[in-house]
Amino acid sequence: MPEWNQFLEPYKQVVDELKVKLKGIRSQYTLEDVHTPVEFVTGRVKPLASIYDKTLEKGIPFEPSQELATELPDIAGLRIMCQFVDDIESVVKILRLRNDLKVIEERDYISNKKASGYRSYHVIIEYPVQTIKGEISVLAEIQIRTLAMNFWASIEHSLNYKYESELPAEISLRLERAAEAAFRLDEEMSLIRDEIQDAQQYFSAFKQTATRRYGKNKKEGGRKK
């Protein structure tokens, strides 16, 4: 077990560092008072049980090694959720321009959805990690998808786990229909994107004004006492 802890530690560092950096994209857009393509960011290191399943699938030894690191580029995984489909392309462009990581591979499962109905945009990156023994390069996968795509993918993942990837035909069919419904929702939201963003800005400004008024009234109330 100690060898696995040592092997996975750089991956944990990748996830922790990239979560901060990717969330920083949202903060920067917010400060500019413009629409941010990043809604929120999550990340995880693949559990040992999942790594084991993958080694069986790929026919490689279940042991810490360079072969394992190369064959499983998603041991460190991050997800960037977006409001609109167009935001996904914006995020991908941002990742391509960054000089603190290198894009190795891109997989477009939005234009080319999987047979199950799965849609997402996957980017494999190489990220430099600073350790006490020097710098090492670690592979990681960043999945970029809309909120609707993420909801569908989460449900599909749970069902696949329950049925051990052997979904009943009826459930598979319903999942495919649900995937199409989710994508139609994304398309409809994109058509009224400007109206949605205007409403969000209005609501945000209203909250700020209400907060200031509350603070002012509370302060004045305290003085009267």
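Values in this text are rule-based calculations from the coordinates and carry no lab data. Computed from a predicted model, the values in this text were never measured in an experiment. Cβ placement follows ideal geometry from the backbone for every residue including glycine, while neighbour counts extend to all protein chains displayed.
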**Positions within the range 143-170 being over 17 Å from the mean Cα position of the chain (by Cα) and either surrounded by 14 or more Cβ atoms within 10 Å (Cβ to Cβ) or among the polar types (S, T, N, Q) (or both), in sequence order** = SER158, LEU159, ASN160, SER165, LEU167
**Prompt:** Listed residues ALA140, ALA148; which is assigned to a strand (DSSP E or B) and touching a helix residue (DSSP H, G or I) at 6+ places or on another chain (Cβ under 7 Å)?
**Reply:** ALA140
**Prompt:** When only residues in the range 1-53 that are among the polar types (S, T, N, Q) and without any contact (Cβ under 8 Å) to a residue 40 or more places away in the chain count, which is surrounded by the most Cβ atoms within 10 Å (Cβ to Cβ)?
**Reply:** THR36
**Message:** Just to verify a result, which residue in the range 142-200, among those that are hydroxyl-bearing (Ser, Thr, Tyr) and touching a residue at least 12 places away in the same chain (Cβ under 8 Å), is farthest from VAL91 (Cα to Cα)?
**Reply:** SER172
**Request:** Scan the range 64-89 for residues that are of a type in the set (Val, Ile, Thr) and either farther than 15 Å from HIS35 by Cβ or part of a strand (DSSP E or B) (or both) and jot them down.
**Result:** THR70, ILE75, ILE80
**Message:** Here is a list: PRO64, PRO73, PRO47. Which entry is more than 18 Å from ILE124 (Cβ to Cβ) and in contact with a Leu (Cβ under 9 Å, 6 or more places away or on another chain)?
**Reply:** PRO64
**Complete:** If you go through ILE51, ILE60, the only one that is outside any helix (DSSP H, G or I), out of contact with any strand residue (DSSP E or B) (no Cβ under 6 Å at 6 or more places or on another chain) and β-branched (Val, Ile, Thr) is ILE60
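Residues checked against (1) more than 30 Å from ARG193 (Cβ to Cβ); (2) out of contact with any helix residue (DSSP H, G or I) (no Cβ under 7 Å at 6 or more places or on another chain); (3) assigned to a helix (DSSP H, G or I):
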| site | (1), (2), (3) |
| --- | --- |
| PHE7 | yes, yes, yes |
| LEU22 | no, yes, yes |
| SER27 | no, yes, yes |
| THR42 | no, yes, no |
**Complete:** Checked the range 123-160 for anything touching an Asp or Glu at 6+ places or on another chain (Cβ under 6 Å) and closer than 28 Å to SER172 by Cβ; matches are VAL123, ILE124, GLU141, THR146, ALA148
